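Okay, so here's the structure we're looking at.
The values are calculated or read from the model by the stated rules, or taken from the named source; none is laboratory data. Treat the numbers as computed from the prediction; the structure is a model and nothing was measured. Positions of Cβ are backbone-derived with ideal geometry, glycine not excepted, and every protein chain shown enters the neighbour counts. With ligands, DNA and RNA removed, areas are computed over all heavy atoms of the protein, side chains included. Shrake-Rupley method; radii C 1.70, N 1.55, O 1.52, S 1.80 Å.
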Amino acid sequence: MAELEKTMAWQPAVLREVLGRTAAARAAHDGLVTDRMRLSWSDVHAKSWQMARAMHALGIRKGDHIGILMGNNAAWVTLFFGAALIGAVTVPVNTRFKAAELAFCLKQADVKALFLADKFLNIDFVAFLREAEPAVDAALPGATLPFLRHVVVMGEDVPKAAIAWKAFRKIEETVGESQFQADCALVTPDDPLLMQFTSGTTAYPKGVLLTHHNMLRNAWSCGMRMGVTPEDRYFNCRPFYHVAGTTLSLLVALTFGATLVTQPTFEAGGALKLLADERCTLTSGNDTLFQLMMGHAEFDPKKLHLRGGWSAAGPQTMRRIIDEMGMKGVCIAYGLSEASPNVVFSDWRDAEELRVNGRALPHEGVEVRIANSDTNAPLAPNLQGEIQVRGWNVMKGYYKNDAANASVFTPDGWLRTGDLGVLGDDGRLLMVGRLKDVFRVGGENVAPAEVEEVLLAHGAVATAQVIGVPDARLGEVPAAYVTLKSGASATEDELIAWCKARCANFRVPRHLRIVADFEAIGMTGSGKVQKNKLREHAIRELGLA
């Protein structure tokens, strides 16, 4: 709770200090477990310093930007930690990016060195890189990406201007140790640690600059409220290119010396197996990821050992997480990349009703207000408006994007989240939905989450997504896409009738489709359905153009 945070205040630190403390205290204990490797914290520490030396020998220095394009694995972790040790800034590259998106990310972020797998999940990353920067087959830097000086490839397909992984690992032997140590000592808590590109569900991605202090304190604060201990085994559902995978999984495990267990990419059946085999006690994710696990044919709660973790989910899913997965101490979380990412987090000891219903307190030193989204005027308690945030967790800003920085901060210095929420008299925040997702039906505002919760209360529904689609009479009307639980059955008419009996007429879906999944329609790598792509799909499918 906030009271505990006050008595055990976080002291500003750099990742080097936290990694050193954890490696000393938990040396022989599992630090990272993947599908292919098991590393102790001592191993993680040693390999991270090896990566740091090799990067330094390559010419990477404090403030330089390095990109990582690969699935969740030990190399990702030790590259990230190694870059932090020398003060370089990691730019996590989304493994779902195509060539044009990769080119935009590398150019916008001024990436100096890119570390990538040649292939991942049958995706040819090197082919995308060749399309983004043809000079990789001749000599770097090239004309398209003039900042890109080095490419290191893990795999067999190594272009002429790139370096093979094994060769990169060997160059650490050439580092000048005294200069290397002097450069590492220059890193401060206020230096950037990560440039997180926003997921781009509603706009083209922007590079969010987060510092060592932003991320490490956020990880510690969330871990305190989760009740993380060194003996915990934390299963990570999120990709490391997402800030929930770095701050809220990897760095939580680091700051508390717990074990992090992860897959190369999330797959529900494999996740359930790892949760059982590794006897994981904590996990986390959004509603979609939990729904996928609980709806999987192999889901068997008797095999799980979970006691807690966190979720960004509505009441129906939170109730199922507690009752079906056994996560009695699960916390509710709300945040965004620009806030490192967490803003409010319940305590695992909070009343179950508060956690299920999504009401949580801000972290100590973080302020939250609800404001009119047009005027930024603060609103009284219990009124709905835009969530605005101020405090130590707020980003340094968007990289090379003055226009976006000017619009995302209010004149008096608050971060505009673009999310709707309500602050209760007790100071607890309830996140209602995204401002851009809200649509109007005949003059009435509808937040998709309101309708999604009604659908999720039906026993056959596994996941539900609602968007507004065009209507000649009302302007917009709700359209719903749902998946069903394994072995369950329901008709589209039945689900519409279910909604009619339980919510106001303007909230009832006028169109409803049952689908197998949302992969073909559009999901972000962090497990969020892309509402803009879903709306485009619905308009085409329903003939509403």
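Numerical summary
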read-out: Filtered residues of the range 291-304 (kept if surrounded by 22 or more Cβ atoms within 10 Å (Cβ to Cβ), in contact (Cβ under 8 Å) with a residue 60 or more places away in the chain and closer than 11 Å to Leu272 by Cα); value: Leu292
read-out: Near pairs, Cβ below 6 angstrom, 6+ apart or cross-chain, from the range 405-431 (under 14 Å from Ala339 (Cα atoms) and without any contact (Cβ under 8 Å) to a residue 60 or more places away in the chain) to any residue that is open to solvent by 60 Å² or more (accessible area, probe 1.4 Å) and assigned to a strand (DSSP E or B); value: Trp414/Arg390
read-out: Members of the range 76-98 found to be farther than 17 Å from Leu209 by Cβ and open to solvent by less than 10 Å² (accessible area, probe 1.4 Å), listed by number; value: Trp76, Val77, Thr78, Leu79, Phe81, Gly82, Leu85, Ile86
read-out: Pairs, first open to solvent by 10 Å² or more (accessible area, probe 1.4 Å) in the range 57-71, second of a type in the set (Lys, Arg), C-beta under 7 Å, six or more apart; value: Asp64/Lys112; His65/Lys112
read-out: Scan of the range 255-284 for residues that are in contact with a helix residue (DSSP H, G or I) (Cβ under 8 Å, 6 or more places away or on another chain) and at positive phi, ordered by number; value: Gly257
read-out: Wholly within the range 122-188, helices (runs of 4 or more DSSP H) carrying at least 2 residues that are within 30 Å of Thr265 (Cα to Cα) and within 31 Å of the chain's Cα centre (by Cα); value: 125-132, 165-170
read-out: Condition broken by Met395, with the remaining ones in (1) open to solvent by 20 Å² or more (accessible area, probe 1.4 Å); (2) farther than 30 Å from Met293 by Cβ; (3) assigned to a loop (DSSP other than H, G, I, E, B) satisfied; value: (1)
read-out: Residue within the range 110-122 that is surrounded by fewer than 19 Cβ atoms within 10 Å (Cβ to Cβ) and among the small types (Gly, Ala, Ser) present; value: no
read-out: Test: residue in the range 300-312 that is among the aromatic types (Phe, Trp, Tyr), more than 30 Å from Leu194 (Cα to Cα) and at pLDDT 95 or above; value: no
read-out: Qualifying residue in the range 265-273 (condition: of a type outside the set (Phe, Trp, Tyr) and assigned to a loop (DSSP other than H, G, I, E, B)); value: yes
read-out: Residue selected from the range 305-340 under the condition among the hydrophobic types (A, V, I, L, M, F, W, C) and part of a strand (DSSP E or B), by the criterion surrounded by the most Cβ atoms within 10 Å (Cβ to Cβ); value: Trp310
read-out: Unique match (being within 24 Å of Tyr398 (Cα to Cα) and modelled with pLDDT under 95) among Phe104, Phe80; value: Phe104
read-out: Every pair of residues 6+ apart whose Cβ atoms lie under 6 Å, when the first sits in the range 220-231 and is closer than 21 Å to Asp30 by Cβ and in contact (Cβ under 8 Å) with a residue 40 or more places away in the chain while the second is open to solvent by 30 Å² or more (accessible area, probe 1.4 Å) and among the acidic types (Asp, Glu); value: none
read-out: Every residue from the range 129-146 that is open to solvent by less than 50 Å² (accessible area, probe 1.4 Å) and over 22 Å from Tyr399 (Cβ atoms); value: Ala135, Val136
read-out: Conditions (1) more than 21 Å from Leu248 (Cβ to Cβ); (2) touching an Asp or Glu at 6+ places or on another chain (Cβ under 7 Å); (3) open to solvent by 60 Å² or more (accessible area, probe 1.4 Å); number of the one not met by Ser373; value: (3)
read-out: Every pair of residues 6+ apart whose Cβ atoms lie under 6 Å, when the first sits in the range 90-105 and is touching a residue at least 60 places away in the same chain (Cβ under 8 Å) while the second is of a type in the set (A, V, I, L, M) and outside any strand (DSSP E or B); value: Thr90/Ala83; Val91/Ala109; Val91/Val111; Cys105/Val93
read-out: Flag if Tyr241 is buried (at least 24 other Cβ atoms within 10 Å of the Cβ) and part of a strand (DSSP E or B); value: no
read-out: Selection count where residues are in contact with a strand residue (DSSP E or B) (Cβ under 6 Å, 6 or more places away or on another chain) and assigned to a loop (DSSP other than H, G, I, E, B), scope the range 341-358; value: 4
read-out: Strands (runs of 3 or more DSSP E) contained entirely in the range 1-90, each with at least 1 residues that are of a type in the set (A, V, I, L, M) and under 30 Å from Gly329 (Cβ atoms); value: 30-33, 38-40
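Matching residues to (1) among the small types (Gly, Ala, Ser); (2) open to solvent by 10 Å² or more (accessible area, probe 1.4 Å); (3) at pLDDT 95 or above:
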{"site": "Phe168", "(1), (2), (3)": "no, no, yes"}
{"site": "Glu173", "(1), (2), (3)": "no, yes, no"}
{"site": "Gly227", "(1), (2), (3)": "yes, yes, yes"}
{"site": "Arg233", "(1), (2), (3)": "no, yes, yes"}
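Matching residues to (1) of a type outside the set (Gly, Ala, Ser); (2) closer than 30 Å to Val408 by Cα:
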site: Asp425; (1), (2): yes, yes
site: Leu430; (1), (2): yes, yes
site: Val438; (1), (2): yes, yes
site: Ser489; (1), (2): no, no
site: Asn505; (1), (2): yes, no
site: Ala520; (1), (2): no, no
